[in-house]
Amino acid sequence: MTRCEASSNKQKECHCCQTVRSGAELLEQLSFSSIMDLGHLLHLLIPSWNSVAILASFFTYLAIAGSLLPGKLVPGATLPDGSRLHYRCNGLLSLLLLGGLLGIGAKMDIVSLTAISDRGLELLSTTFLFSVLVTIILYAAGCKSTNRGSSLKPHVTGNLLEDWWFGIQLNPQFMGIDLKFFFVRAGMMGWLFINLSVLARSVQDGTLSQSMILFQLFCALYILDYFVHEEYMTSTWDIIAERLGFMLVFGDLVWIPFTFSIQGWWLLSNKVELGTAAVVANCLTFLIGYLVFRGANKQKHVFKKNPKAPIWGKPARVIGGKLLASGYWGIARHCNYLGDLLLALSFSLPCGISSPVPYFYPIYLLILLIWRERRDEARCAEKYREIWAEYRRLVPWRILPYVY
């Protein structure tokens, strides 16, 4: 081997060693960075006394406002023992009053409009732990209950996990407050105030965009509409038939407010430019979804109150004296789910199509509603038997006509 060849080989070896060392250093830096990011994330998830205070103040306000503010007293469904609960539907007034108080507090520098967005993960973990604690208490109280009424009669299967997940009692109360109705209200209001805090952060950071405005507008209209028609909630399956366990408590307090607001969080750090056609399509998706969702639920609620009420200006078609087959319910057996899906899609479309993250909510909802529709079908087939079979023959489509 010549001296030049030896020198060349040494240079190659040194270059390879440097490359290996550089690669190792890069991996070490990436690993360290990942560990630091994970550590930072875990630190943000640790509940603080501030997050506990925010959550406690919110629940305290809702309890006081819900008990004292005027509102329509709506009778619930007749339970198997013949009893009926009554719900004070003053959610809209409670929401507007709280919004006004927070606005005044922000003007006087007493509260920060970005308090929620600054502590998003803290509040998420705090609310999750609260949900676990509450459902453990509900489980223990339900097991000890000797009440034989439909609302508080314990339904114990003996399977600890199942009883904790689905709940033991139908309508447990605390200090005269129906907890099921209370938690639904808290979740819907929480969703709105999380969104508004994210909006305030966007304004303060100077990142407010057309996409953020559309997302905020659609969600606010949907939530305000919910509280305008809050009494319709009293005729839903969750209120009538589902027992109060971790599934409902977690869904109301954690899942709804914190996952339905993902689009807003995403838009804080991602800029999206929408064309005129995209904006128009987004608005039409929201409008059609709202008309189907609200129209179907209103028809069902009115029918339950008065089966002889006209639907779309015509006498209602009723199967077996029990099932409505007119209006939206003559188009698809679960047409309200179609409206829900279109609304969920309209909340995500302002984020564009560059990432699947903002579409978590509509994707999850699609899976949930298909599963729920199948469960509803099985329950209705068992409950209504021949009447349900006739309804299926008359209305063959489940959610989307000519597709599913």
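Summary table
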quantity: Heavy-atom SASA rank of I370, I177 (probe 1.4 Å, accessible area, largest first); calculated: I370, I177
quantity: Rounded percent of accessible protein surface that carbon and sulfur make up, segment 50-271, 1.4 Å probe; calculated: 67
quantity: Two-decimal Rg to Rh for segment 151-275 - Kirkwood Rh, Cα set; calculated: 1.10
quantity: Spatially proximal aspartates and glutamates relative to K298 (Cα-Cα < 13 Å; intrachain offsets below 8 disregarded); calculated: D225, E230, E231
quantity: Lys, Arg +1 and Asp, Glu -1 on Cβ, resulting dipole of segment 274-403 about Cα centre, debye, nearest 20; calculated: 640
quantity: Segment 285-358: Rg to Rh, with Rh as the Kirkwood radius over Cα pairs; calculated: 1.14
quantity: Stretch gain in nm, segment A378-S83, where the contour uses 0.36 nm per residue and the Cα spacing is subtracted; calculated: 103.6 nm
quantity: Segment 50-271, Rg to Rh (Cα coordinates; Rh as Kirkwood inverse mean 1/r); calculated: 0.99
quantity: Calculated SAXS-style log₁₀ I(q)/I(0) at q = 0.11, 0.12, 0.18, 0.19 Å⁻¹ - segment 274-403, Debye, Cα scatterers; calculated: -0.46, -0.53, -1.00, -1.07
quantity: Length released on extending from K72 to L129, taking residue separation times 0.36 nm less the Cα-Cα span; calculated: 17.2 nm
quantity: Amide N proximity, segment 314-335 versus R393 label position 7 Å along Cα-to-Cβ, cut-off under 13 Å; calculated: 320
quantity: Overall form of segment 247-293 per C-alpha gyration tensor (a/c, 1.5; a/b vs b/c); calculated: oblate
quantity: Dipole moment magnitude, nearest 20 debye, the chain about Cα centre, only Lys, Arg, Asp, Glu C-beta charged; calculated: 1540
quantity: Solvent-accessible heavy-atom area per residue, rounded to whole Å², over segment 50-271 at 1.4 Å; calculated: 46
quantity: In Å², nearest 10: area of R243 left accessible to a 1.4 Å probe; calculated: 70
quantity: Selection from Y337, N159, P80, by position along the positive dipole direction of the chain (Cβ); calculated: P80
quantity: The chain: DSSP helices with Cα axial extent of at least 15 Å and average Kyte-Doolittle hydropathy no lower than 0.0; calculated: 49-68, 91-107, 120-144, 179-205, 210-228, 276-305, 335-348
quantity: Entries in K180/K308; K153/K305; K300/K383 that, when Cα-Cα distance is taken, lie over 21 Å; calculated: K180/K308; K153/K305
quantity: Förster radius 30 Å - calculated FRET efficiency between L224 and V403, Cβ distance, rounded to 0.05; calculated: 0.45
quantity: Listed residues L138, L45 arranged by accessible area, highest first, probe 1.4 Å; calculated: L45, L138
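The values are calculated or read from the model by the stated rules, or taken from the named source; none is laboratory data. None of these values were measured; they are calculated from a predicted model. Every residue, glycine as well, gets a Cβ built from its backbone with ideal geometry; the counts of neighbours run over all protein chains shown. Note: accessible area is taken over every heavy atom of the protein model, side chains too, but ligands, DNA and RNA are not part of it. Shrake-Rupley method; radii C 1.70, N 1.55, O 1.52, S 1.80 Å.
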